[in-house]
Structures are given as structure tokens and as C-alpha cells.
Amino acid sequence: MTGLPADFMANILTVLIFLPLAGVFVLFFLPRDNNRLLRNVTFAVTLLTFLLSLPVALKLDGATAAMQFVVRAPWIADYGIEYHVGVDGISLWLVMLTTFLMPIAILSTYKAVEKHVKEFMIFMLILEVGMVGVFLAIDLFLFYIFWELVLIPMYFLIGVWGSERRIYSAIKFFLFTFAGSVLMLVAIIALYFHHHEVTGVYSTDLLRMYALDIPVKLQFWMFAAFALAFAFKVPMFPFHTWLPDAHVDAPTSGSVILAAILLKMGTYGFLRFAIPLFPVAAVDLMPAIGALAVIGIIYGALVSMVQKDMKKLVAYSSVSHLGFVMLGLFAFNVQGIEGGILQMINHGVSTGALFLIVGLIYERRHTRLISDFGGLSKVLPVYATVFMIVTLSSIGLPGTNGFVGEFLILLGAFKTNRVLTVLAATGVILAAVYMLWMYQRVMFGKITNEENRHLRDLNAREVAYMLPILVMVFWIGVYPQTFLRKMDASVQAVVTRIETKRQAALSGRPAGETLLARYFDVRK
Amino acid sequence: MVGGILDYLWLVPALPLLGVVLNGAIALFSERPLLLAEAGHEEAGHGHGDARGGDEAPAPYRKLVALIGPGVVGAAFAVSLLCVLQLAARAPQDRLFVQVLFPWIQAGGFTGSAALQLDPLSAVMILVVTGVGFLIHVYSVGYMSHEKAFARYFVYLNLFTFAMLTLVLGSNYLVMFVGWEGVGLCSYLLIGYWYEKQSASDAGKKAFIVNRIGDFGFILGVFLLFWTFGSVDYTEVFARIPALSGNGTLTTEIATAITLLLFVGAVGKSAQIPLYVWLPDAMEGPTPVSALIHAATMVTAGVYMVARSSALYMLAPVSMGAVAAVGAVTAIFSATIGITQNDIKRVLAYSTVSQLGYMFLACGVGAFTAGIFHLMTHAFFKALLFLASGSVIHALSGQQDMRKMGSLKKHLPITFPTMFIATLAIAGIPGLSGFFSKDEILWKSFSSEHGHLALWAIGTLAAGVTAFYMFRLVFMTFYGESRMEPAVEKHVHESPWSMTVPLMLLAVFSVIGGWVGVPEVLGGHNYFEEWMAPVFGHGAAHEAAHHPAALELALMAGSVLVALCGIALAYYLYRVRTKKPEEIAEKVPGLYDVVLNKYYVDEIYDIVIVRKVVNGSIWLWNAFDAAFIDGIVNGIAAVVRGAGDGVRRLQTGVVGNYAFSLLLGAVLVVGYILLR
């Protein structure tokens, strides 16, 4: 089908992870003053990575929950640490999103990044290695390595190529996420020893961990550690304050990747690790996490509404959107989780596009203040059209990707917790308020600022990288089957695992046991 | 099953969508360079030379747009008509055709297919939408001929038609919701068509957001519906009612919750109290848009939805009561506002809100057929009223204030009589379409088992007010002395044929449109009710049994009398004693101001909700995000910073080392633990 040899396909995931690293080595040997070459080579590498990821999406079997295209090799054998990667219906679209957005992000830097282009491109490629690795790793240790690997290039992208308060924002980003990951590391180590204690085998294999029946008290603490690490990353309210700062000061392409991919590492972590490993704790803590998700939805939307800076507005809207994803994942049913995964993709596409859109106007006017604009529709008709479509996608209009995700999330969550769902659905109203208000103030009205009168509409390169995004907006919106059907078996497996593991863990426990009794032995 | 022409039902929404694509391409490639040049831009200049027409002659692409825009809707009407005829050829109980196009959203046990359903109810709707829609598209060619963004207008208008047809043709609540939000989008785009005007873009945004509040209820209703019935397909849901009622799954409470939630959506879309505020502002859009979207079709979507869900509403008496009450109160409330407005379009806007109230009143008393019947006749006469008012506005170079009109009768030989016919129709003069449908509603609001004398009284009173404000409009516009500005008066002219022909056709339907539903008591036959029977069942039979025909005739005479009183009063105040209205206004200044200012509802919403939310959000951001959370974060950071020189050094730029060393440290810790 794909025309690629079978043994190549067997190692395709390794290729996807390390092809960008090969690109890094190529860049090392390129002259640092030939920006054009540096950009084109990086673009070519990311594009090739995307093209090579396509056969994975085509060939992945949505009817099985098993990991596919698995590559497995001993790594630090004494400790049971392996190089173990694979893809299933949960990680597939996140990998695809990463490979899809990277060339777009690179294209968006052609004008925007002028200094230290070589280093910039190297960091972007290292970032891709980390991101693809995070989504493909099945070994906990390997996952952790990739997880941390992502942090470093992003830190530099913000700190070196960012705007005014870049150092503050970069450190804030670093400390927040690092604080979380240290907790996760502790939990991984604890899990590692627990696994050894029960089975007598040292291993960091996630699939082996899945098989464990972890005692409920241990589940609580491990879930808390994992959840905290991921919550920082998502970010969930009230751990979100690093996000607006990081976004405002990051270069456009950094913001795109940060919003579209890095935040998804958090939500993916919940779905891949925190929920299936510790289902009893996850279900018991659902009201708390759901409540934080819903607070995030409403809070993010409200604060978004009153922002003066376009980029900050979009950043806060991410807090709101990611709240939806969390709510969907914690619905623990197929609708909610598939909706959650799809919404991760949707947010990547739509919010990534919004950051690009803000970047386009920033390149032209060197301001992002909403009040500096007005009436742009008249001089930028193509930009106006693209912006409108992305806006509609962001507010979840039926026919665009955003609707399918939000609908499934709310449908699933409605089954699990009606009150939270009703509150969450108000976020859909608020999204229309802040997005349309921004659009109105930027694009409608008369041109009041003379500097805006002679802006140039999108050029071919800019259209070229926005067009694929628009295609995705409508593809997912009109025919989500392409995406949903690949998830079925994997998501169903998670749902089933939650149910069976919970039953197993809770059988024999007294009916009506309180959570305090379950986790802290506190009895009335 | 062979459907014949019905197999092409999908063409009905697809044709307008094709128009969107074609006109969109024209807008992008032919119109955009012209508009940019207009905006004082040097356009990139590759290959658009043919589109750049001279200053005097309209660009050739406009002819193509004028052909495609109405053409696709006309073709959709033709297909609709053929499909409906095919449907009508079947036995009444077989008049249901479902066409599944493709599975749309599927997850777990949920399936929402992209599927269409033609039955007597959707048949009426698509004929109205494509029929009236076609005429309004034709009219638009003339009305919008001076507009620069001609293609963009038709893109939106075709997109609206597509969305509206999706709404009424969908075979499940999910597809209905697609159309539901789609028409909201188009409404937003078209109200804000003149986006450079602040009031227009404000009105568009307001329409979208208020509609979204309604949609919030709608979608929650759909969720509850799905988790109760296990499906969102109409046929499945309604078929499962007996079984689920039997086993106690479907309680009255659940049915009430579902229907009330859905009704929230209807209240938003159909501009009922308390969410009607967007519709009068929507008059900022071009007048044909007001006619199509904000009178004839989109705003009736709520009525359609309630009627479509009639089987559910019948299970929930509380919801029925709410629908009837909201409808009746809205009918009288907005009619009173209509009395005081001076903007010709705003009078019609409040009139629309009021007439939609009638339709809900009908649904609320279980007379769904009557509601849809009025929906249809209203589409004729209200579209006509708007288009005629547009013709007036067109003649007066954009003037909408009736205080600056007068004596137009002689200048507008086609607009005047057609508008007069529509006015007679809405006033409920016997023989015209509005009479039959409105009277059916009033009779049912009294005689139905869900009816009440009070509902009938409110409805009848509102009918009188309606007759009053409509004749006030006609007298102020067409009769009396000219109050036109001289510069405007010089250019007064009747509109081109593309505008007057739709007026005449609609006038014909405003007269005869009601003849399909002549009540038996007048010796007629209610074909409309018979056609709708497979959807709503026969409701009339048992009522007639315990209400004598004389009573029905008496009530009918009563409501006609009330309408005539309204007309007489309008004649007295605006033709005989023309100073009197001002005197009255001066006598009750407080009351007059309150009504003139639409009971200050917008202002109240602004103070009570909008400003509170905005200010609260600013507070949240400053106090909570910046001060509280970041205060803690920065506090911790400060402590850490103070803790050692090493931390200071990391801020000088070698943070990469810091990052690596942390990672390395973590790895070492792991290594240590493993090795110990």
C-alpha cells in the first residue's frame, strides 16, 4: 500500500523519532549565515517526517487496542529499562498532529525569526524529537526522558527568541513544569519498586504496569503525583498562570507548538498513565478534577474576554479549551474520551492557527494590542476569511472540528456528571463572546489607525501554511469518522480497564465506604 | 425502496451549497481585487484584469453572481416541489422518506448520521424556505445592485439557505442543530454585512451570542434526550415513547426537562421573551435579509422545532403551558412596542416577534398544525411587508424613519398596493391568508383542552394592537402630507422589476395562502390539517364535538371586530386627528417613554448582566490570576532566589546547564536508588 519496504515499516516509529535528530546533525554542518538554506533544510526534514508518519496513520488498525509498529530493544537491561515504542489509537493522532504542525511552524518563522536561525532550527528539531518520543514511548523511563527533553528547547525558544519579559516567562514555564515532573519521577520510581515487589521483576514497561492490581491507598498517592505533574502541563486551573506569560513572550512558532502539542502532553499523560494505572483513585477524584476542569473552562473564558493583548486572549482561551478535554477524559466513557482526544487535536489545529494568525498581524504591525487594530477586513480580505473560519472552529460551530470534539465531550460528561456538564456548556456561550468580540474589534469597524491602511494581505507562503489547517478544520468537522474510528479499540480498552480494575480493587470492600475511609482509614 | 425523484432529495440543500462555493470563488478571485483597489490598495495584480470593470458599467462577474445566487435556490425549489409531489402521491401513512447520506458523529453507542427526512412537516418548510427564499434572492439582485461586496452578500445568503434547509430536512436532532447554529452564523454574517458600521457589527455579535444562550439549552436537551432514548433520530425517539413510558424510564419529569431545555433554544432562535432582544437590532442588516432570515424563515425555526417535537411536548403539560404562556405574553408585549416605533423596519421587527408569539401560543395549546399554518402564511405576508418596506427605503435613498415619509402612495404604484394587501393579511381581515391562520390559533387557544380563556383574550387583544400598528405604519408611510426631505423627494422612484415582481407574487400568496386551511365552520375544508395529520394526528375532531359552531363563529366575529377597531383607531389618530398621537404621548410621558424605549430591557440586561460579567472578569484576572496565584508563585521564586548564589547565576543565561544538571541529578538519584 504505502510502497515502503516492510522492514522499514517495522522501524517506522524509530525513524519518526530520530529523523529530526538527524536533521540536527545536518544543521550542525551548514553555514550559520545562510538563513535560507537553514530554513529550507529544516522545513524539508519536518516535511519528510510528516510524510513518513502518514503510512502509520493509514496502516494503524483501529480494531485492536494493542500497541502497533512496536520497536523494542533492551536498553539498560540491568534495571529492566527498555527502548520500547509503539502507537495505538490514543497516541496516533497526537503523533500526527506533531508531525503535521512542525512544517507549518517552521514555515511561519521565515520572516519572523532573523537572529540565530541555526540555533533556532536546531531547538525546533530537538523539540520534535521529544514530542514524538513522548507520545510513542511505552517504557516509563523512556517517556520521562522525552518528557524532560521537551522542556529544554522550549525554554530556550522562549528565553532567547521571545519578546519583552522572555526571561521571566521562560523561567516561570520551566519551574512550573519541572516542579510537576519531579513529582512524576518520584511516582515512577515508586511504581517501579512496587512492580518489583509484586512480580519480582524490575521493569519500567508500561504494559506490565497496566497488568498490576495496585492497592487503593498506593493508587491515591501515585495518582496524585502523576496528576499534579500533568495538571501543571495541561495546565489546569489554578496551575495555569505560567501559560499566558509563556505564550505572550514566546515567538509565534513557539506558541504554536506550545499550545498545540506541549499542553497535550499533559492531557495525554492523564489518559495514558494516571487514569488507566490508577482507575480507583481517578474515578474517586473525578469530582475534584472535573470541578477544576469546569472552573478552568469558565475562568479561562471570562479572563480571556477582558484581555487587551490578542495573544494573551488566545492563551487564556487555551485554559478554557483544555478544561473541556479534561472533562471529556474524566467522563470515563467512550464518547467523552474519544471527544477528549479529538478535542486535543482540534485545539492543536485551531489554537495553533490562532497563534499563527496573531503572529501574521504582529509581523506586520509589531503590536498585538486589540485596540491598535480595527477595520482590517477591508484591507486584508484573505486574512479576514482565514481568521473567521478559525474563529468559528475555535467556538465550536457545527461543520468545523471544534463542534465534534465539544459535542462528544459534553455528551459523555453529561452521562457521568450532569451538574458539571451544564456548567461547562456555559463555556460554549462565553467562547462566542470573547472570540467574536475580539474579531469585531480587530477586523470590523472603520480603519481608525492610519498604519493599518496599507497592510499587505497574506502572501503565497502564508496561504500555503494556513491552507492545510483549514482543510483539517473542515475534514474533522464534516467527516470525523476518519479520526474517531482509529481510536475505537484503544479507547474501549481504557474504559473496560477502568471498570474491571475498579471492580477488582473494590470487591470485598464495604458498600458505601467513604473516601476518607478508603484512603486514609478515617472512620466515623 | 425506490424513491424516484426522492432519491435526489439531497440536492435540495446541496444546490445552495454549490452556490456558496461558486459565489465564494467569484468573491475571492474577482471581487476581492476590486474591493482592495477601492480601499486604496495596489493589488498584487496577477490575472484579475477581466474582473476590473470600468467605473460606469458593472463588472461582468456581478451578472454571473446574480444568475448563480437566485438560480441555485430556484433549482432547489424545483427539486423540492418535485419531491413533495412524489411524497403527496403516497398514501398518507407512508409519507415519510429518510435518506441517510453518511455517518457523521459516531462514538460508543451514539450515532448521529448526516441524514435527511421528508415528511409533510418538512415538506411545508422546504417549500416555504426555497419558495420565499427564491423570491427574496431575486429581489436582492435589485436591492443590492449598488453594493460593492455583491458576491459576498450572495455567498452568505446562499449559505443561509443551505443551513436553513439542513435545519428543516435533518432527520435527527444533531443535524437540526447543525442547521440551527448554521443559520445563526449566517444571521451574524448578514446582520454585520456592513461591518464598517459599529451598530451593524454590534447587532451581529449580539444576535450570535443571544442565540448561543438558546443553543446552550438546546444542546443540553439533546444530551438528555439521547441518554433517555438512546437515539437522536426523530423516528426512533418518537417510536420509543410508548415503551419507555411503559417501563418508567421516560417520566413526566424527564419529558418536561427535555422539552423545556429544547424550548430555551426555541426562545433564543425565535426571539421570544426573554431572549427576543437581538431581533430588533438585527434590522441593521440589509432589508432582504430581514425579510428572509428575520421574518420568513430562520426565526420560525423554534416553532418548527417545537412542532417537530410535538410528541414529546404532549407528554409534558408544564412545558406546554410554558410554551403557550411565553408565546401569548410575547405576542402582546412586543405588539405594544410596535405601536411606538418610528423606524419602519423596527415596527416590522417587533411585529415579527409578536407573530412568532402566536405560533408558540398555538403549539402550547397543542394546535401544532395551526402554528405551522401561521408560520407559512406569516412567511408570505411578513416577507412581503419587509420587501415592500425595503422598496420604500430604496425609493427614499435609505431613509427608514416613518416621520420623514408620507404620501408615498402615488409614487410607488406597485409597492403600495402589495404592502397594503400584506397589511390586510396580517391584520386578519377575512378572506386573506392571515385571517385563516390567526383565527385558527385563537380558536384553538380557547377550545383546545390545553387552552384557556385568558390565552384567547390576550391573543385577540394583540390582534387588535397588530391591526393598529400596521395601519399606523401604512398611514404614516403612504398617506397624508409628504414629510420627506426635499433632496430625497426628488429621487423617489418605484423599484426595478427584479424587486417588484417578487412583491406581486408574494401579494398573491398573502391572499390565497390561507385558502388551504379554511375552517369547516365557514363551509370550507382544512386541507392543511389533513396534510399534516400524519405528523400531528387529528386533533380537531373531538373539540368540535363539545363546542358549538355558533361559538366558533362568534369568537371569529369578535376577533375581526377587534381588528377593525384597531384599524379604525389608527385611521382616527393618523388620518383624522394627526396631532392626537403626540398629545397622548405628552399626557402619559412616563409610560410613552418606557414603551418607546422598549421597556428598557436592553439597558437592564446591560446593567444586570453584561457589565457585571465584564467587571467581574477584570477583577478575576487582576485579583486572582495576577495578585493571588502569581503572588504565591513569585513569592516562592523570591525565596528560592534568596536562597543561594547559584540560583542567581542561572538567570544570567546558562539555564541550559541548569536544566541538564537537574535532569542529570534526577537520573543520579534514580541510579542511586537502584544500586543501593
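The values are calculated or read from the model by the stated rules, or taken from the named source; none is laboratory data. Predicted, not measured: the structure shown is a model, and the values here were computed from it. No Cβ is skipped: glycine too gets one built from the backbone with ideal geometry, and neighbour counts run over all protein chains shown. Surface accessibility is based on the protein's heavy atoms, side chains included, excluding ligands, DNA and RNA. Shrake-Rupley method; radii C 1.70, N 1.55, O 1.52, S 1.80 Å.
Just the protein heavy atoms count here, and of the accessible area of chain A at 1.4 Å, carbon and sulfur take up 67 percent.
Loop only by DSSP, 14 or fewer other Cβ within 10 Å of the Cβ. Give me the GluC sites (Glu not before Pro) in segment A:79-188 that pass, ordered by residue number.
On the way: sites: A:Glu82, A:Glu114, A:Glu119, A:Glu128, A:Glu148, A:Glu164; in loops: A:Glu114, A:Glu164.
Sites meeting the loop and neighbour criteria: A:Glu114, A:Glu164.
Taking the alpha carbon gyration tensor of segment A:293-382, multiplying each eigenvalue by 5 and rooting it gives semi-axes of 30, 15, 9 Å, largest first. Across segment B:507-618, the fraction of Cα-Cα pairs farther apart than 16 Å, rounded to a whole number, is 79%.
Report Rg(Cα)/(2.2 N^0.38 Å) for segment B:556-626, keeping two decimals. Show your work: numbers first, answer last.
On the way: Rg = 22.6 Å, N = 71, 2.2 N^0.38 = 11.1 Å.
My calculation over the Cα atoms of segment B:556-626 gives 2.03.
Within the same chain, aspartates and glutamates fewer than 8 places from B:Lys444 are excluded, and of the rest, those with a Cα less than 18 Å from its Cα are B:Glu520, B:Glu529, B:Glu530, B:Glu543, B:Glu552.
What number results when the radius of gyration of chain A, computed over Cα atoms, is divided by 2.2 N^0.38 Å? Please list the in-between numbers first.
Details: Rg = 22.5 Å, N = 524, 2.2 N^0.38 = 23.8 Å.
Relative to the rule-of-thumb radius for its length, chain A sits at 0.95.
Within the straight-line cut-off of under 25 Å between alpha carbons, the lysines reachable from B:Lys580 are B:Lys345, B:Lys404, B:Lys409, B:Lys598, sequence neighbours fewer than 8 places apart in one chain being disregarded. On a per residue basis, segment A:285-508 carries 27 Å² of accessible surface, using protein heavy atoms and a 1.4 Å probe.
Entry note, segment B:258-344: relative contact order of 33 percent, from Cα contacts under 8 Å with a spacing of 6+ residues. Run the reach check for A:Lys59 against lysines, Cα to Cα strictly under 29 Å, same-chain hits fewer than 8 apart removed. What comes back? By straight Cα distance, A:Lys59 reaches A:Lys264, A:Lys486. In chain A, the DSSP-assigned H stretches of four residues or longer account for a calculated mean residue ellipticity at 222 nm of -24000 deg cm²/dmol, using -39500 (n - 2.57) per stretch and the full residue count as denominator. Against chain A, whose longest principal axis comes from its Cα atoms, helix A:35-59 is set at around 40 degrees.
Of all DSSP beta bridges located in the protein assembly as shown, what percent are antiparallel, nearest 5? DSSP beta bridges in the protein assembly as shown are roughly 95 percent antiparallel. For segment A:285-508, pairs of C-alpha atoms spaced more than 21 angstrom apart make up 56 percent of the total. Phi angles of segment B:524-536 translate, via the Karplus equation with coefficients 6.51, -1.76, 1.60 and θ = phi - 60°, into HN-Hα couplings of x, 9, 8, 4, 4, 5, 5, 5, 7, 3, x, 8, 9 Hz per residue; Gly and Pro are given as x. With R₀ set to 25 Å, the beta-carbon distance separating A:Phe18 from A:Thr496 gives a calculated FRET efficiency near 0.15.
Working note: Karplus 6.51/-1.76/1.60 with θ = phi - 60° gives segment A:280-292 the couplings 5, 5, 4, 5, 5, 8, 3, x, 5, 5, x, 5, 5 Hz, where Gly and Pro are set to x. The trypsin sites (Lys or Arg not before Pro) of segment B:431-522 meeting both criteria, a DSSP state outside H, G, I, E and B (loop) and at most 16 other C-beta atoms within 10 angstrom of the site's C-beta, are B:Arg483. Ligands, DNA and RNA are left out, and with a 1.4 angstrom probe the accessible area of chain B is 37 Å² per residue. Distance from the C-alpha centroid of segment A:329-366 to that of segment A:107-169: 19 Å, rounded to the whole angstrom.
Scanning residues 5 or more positions from B:Gly170 or on other chains, those with amide H under 5 Å from its amide H are B:Gln117, with H placed 1.01 Å from N in the peptide plane. The distance linking segment B:217-272 with segment A:38-93 is 44 Å (Cα centroid to Cα centroid, whole angstrom).
Expressed as an acute angle from 0 to 90° and rounded to the nearest 10, what is the orientation of the C-alpha long axis of helix B:234-246 relative to the principal long axis of chain B? Compared with the principal axis, the helix lies near 90 degrees.
How many angstrom separate the Cα center of segment A:484-514 from the Cα center of segment B:544-601? What the calculation gives is 66 Å, centre to centre.
Among the listed pairs A:Lys115/A:Lys172; B:Lys382/B:Lys490; B:Lys382/B:Lys579; A:Lys311/B:Lys269, give every one whose C-alpha distance is greater than 31 Å. Result: A:Lys311/B:Lys269 exceed 31 Å. Close amide H pairs (under 5 Å, H built 1.01 Å from N) link B:Ser113 with B:Trp104, residues at least 5 positions away or on another chain. When the P(r) of the protein assembly as shown is calculated, the portion above 62 Å amounts to 15% of the C-alpha pairs. Each residue of segment B:582-590 was assigned a 3J(HN,Hα) from its phi angle through the Karplus expression (A = 6.51, B = -1.76, C = 1.60, θ = phi - 60°), giving 5, 4, 4, 4, 6, 5, 10, x, x Hz with x at Gly and Pro.
Note the angle between two axes, namely the Cα long axis of helix B:150-169 and the longest principal axis of the Cα atoms of chain B, as a number of degrees from 0 to 90, rounded to the nearest 10. Its long axis makes an angle of about 80 degrees. Between B:Met405 and B:Arg483, the built amide H atoms are under 5 Å apart, and every one of these is 5 or more places off in sequence or on another chain.
With each run of n ≥ 4 DSSP H residues scored as -39500 (n - 2.57), what mean residue ellipticity at 222 nm is computed for chain B after dividing by its residue count and rounding to the nearest 500 deg cm²/dmol? Mind showing how you got there, number by number?
Values: 31 runs with 458 residues, N = 676.
My calculation for chain B gives -22000 deg cm²/dmol from helical runs alone.
Short to long, the 10 Å bins of the Cα pair-distance histogram for chain B hold 3, 14, 24, 23, 16, 9, 5, 3, 2, 1, 0 percent of all pairs.
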